[in-house]
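**Student:** Attaching a single structure in structure tokens format; questions to follow.
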Amino acid sequence: MFNPRRVIFEERALNYELGNSILEEFKDKKLEILYSKNGRITGIPGKTNSEMYFEGKSTLVVGVRKNLNFATCKPSAHYQLPIASGCNGMCEYCYLNTQMGKKPYVKIYVNIDEILQRTQEYIDERKPNITIFEGAATSDPIPVEYYSRSLKNSIEFFGNNELGRFRFVTKFTDIDTILGLRHNGNTTVRFSINTDRIINAYEHNTTAVIERITAAKKLYIDGYKIGFIIAPVFLYEGWEEEYGSLINLIALKFPRGNITFEVISHRFTKRAKENIINIFSKTTLPMDEEARKFKFGQFGYGKYIYPDEKMKLLKNFFKSKLLEKFEENSINYII
């Protein structure tokens, strides 16, 4: 569960019952409570890039989602479901480092009923086709679920919806509040995982991989569809043995079918590299541009990926190893 250092309430959030209940929750705790009259978020300290980053990561904003036009979320879903933004995890390589500003606070929305009403409109527009919504495109909603209950409301909404499907991804394990819900198999929970070496080095303030896999098993037993995102994959000395052990660990917990895998190799942009170095001055992330291949992405900007021969090695390894333990249709993609 996210335990912020400060909480900032947009005044409009206090027009909602949930906003007031969250305020009462924090009044009993020894932390800083601030208010925003106009929706502008101020009061987060920090002089250097690093200080601003870590103070932002320690801040929770309780607000109202004003824009109810949902962004698209191709190729994994049709739309983003905006139930939260930001993440209290501090992964050095995270793409959100270039998306959330210099003070990347976590924000939850108290008007979840309005958000879900808009969701139904999107579903109705695509009838009779199924519409898929991604709940973690710019956030990890699990650590703030204790306060927001947005996942619970969303899961039960989709559980009662014939043409709507919900999915989200997490690196956290506070999943007890979503156990026992009437999800009717319409929600897929994916866990982002990596080797112990990578988690310990770069995924600060997140949970251990064995804890993530154990949480996934609890949700699997509860009837949720489960997936694993192995990302980002780094090619370092011993990577095949360590990623192989990771897949073996999952295979011990899950049967051959019924779970899916997405495998994503490490890549970075020039802008991301600059931001990472500004925040984590002693980072050891492998970002040698000379050792990578430059490629333009689908959104028009360039990124540095592993060269062709290494990508081929990576793809062959993961396909072979996953098919040893799981069915062929369990692999969504390896990129």
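The values are calculated or read from the model by the stated rules, or taken from the named source; none is laboratory data. Note that the structure is a prediction, hence the values are computed from the model and not measured. Please note: Cβ atoms are built from the backbone with ideal geometry, for glycine as well, and neighbour counts cover all protein chains shown. The accessibility values were calculated without ligands, DNA or RNA, using every heavy atom of the protein model including side chains. Shrake-Rupley method; radii C 1.70, N 1.55, O 1.52, S 1.80 Å.
**Student:** Filter the stretch 1-25 for residues that are open to solvent by less than 80 Å² (accessible area, probe 1.4 Å), at pLDDT 95 or above and assigned to a helix (DSSP H, G or I); which is nearest to R65 (Cα to Cα)?
**Tutor:** Filtering first and then ranking leaves A13.
**Student:** Taking the residues in the stretch 28-39 that are in contact with a strand residue (DSSP E or B) (Cβ under 7 Å, 6 or more places away or on another chain) and of a type outside the set (V, I, T) as candidates, determine which candidate is surrounded by the most Cβ atoms within 10 Å (Cβ to Cβ).
**Tutor:** Narrowing the stretch 28-39 to residues in contact with a strand residue (DSSP E or B) (Cβ under 7 Å, 6 or more places away or on another chain): 31-36, 39.
Retained after the next criterion (residues that are of a type outside the set (V, I, T)): 31-32, 34-36, 39.
Values: L31: 13, E32: 15, L34: 14, Y35: 14, S36: 18, G39: 13.
Among them, the one singled out is S36.
**Student:** Scan the stretch 40-94 residue by residue and report those that are of a type outside the set (A, V, I, L, M), under 23 Å from F133 (Cβ atoms), out of contact with any Asp or Glu (no Cβ under 8 Å at 6 or more places or on another chain) and crowded, with 16+ Cβ neighbours inside 10 Å.
**Tutor:** F70, H78, P82, S85, G86, C94
**Student:** Assuming L23 fulfils every condition listed in (1) free of Cβ contacts under 8 Å to residues at least 40 places away in the same chain; (2) within 24 Å of E274 (Cβ to Cβ); (3) of a type in the set (A, V, I, L, M, F, W, C) apart from one, which condition is it?
**Tutor:** (2)
**Student:** Taking the residues in the stretch 261-301 that are more than 25 Å from F54 (Cβ to Cβ) and open to solvent by 90 Å² or more (accessible area, probe 1.4 Å) as candidates, determine which candidate is farthest from the chain's Cα centre (by Cα).
**Tutor:** E290
**Student:** Output the number of residues of the stretch 144-177 satisfying the condition of being of a type in the set (G, A, S) and more than 12 Å from F133 (Cα to Cα).
**Tutor:** The initial filter retains those residues of the stretch 144-177 that are of a type in the set (G, A, S), namely 148, 150, 154, 159, 164.
Those still in the list that are more than 12 Å from F133 (Cα to Cα) too: 148, 150, 159.
Number satisfying all stated conditions: 3.
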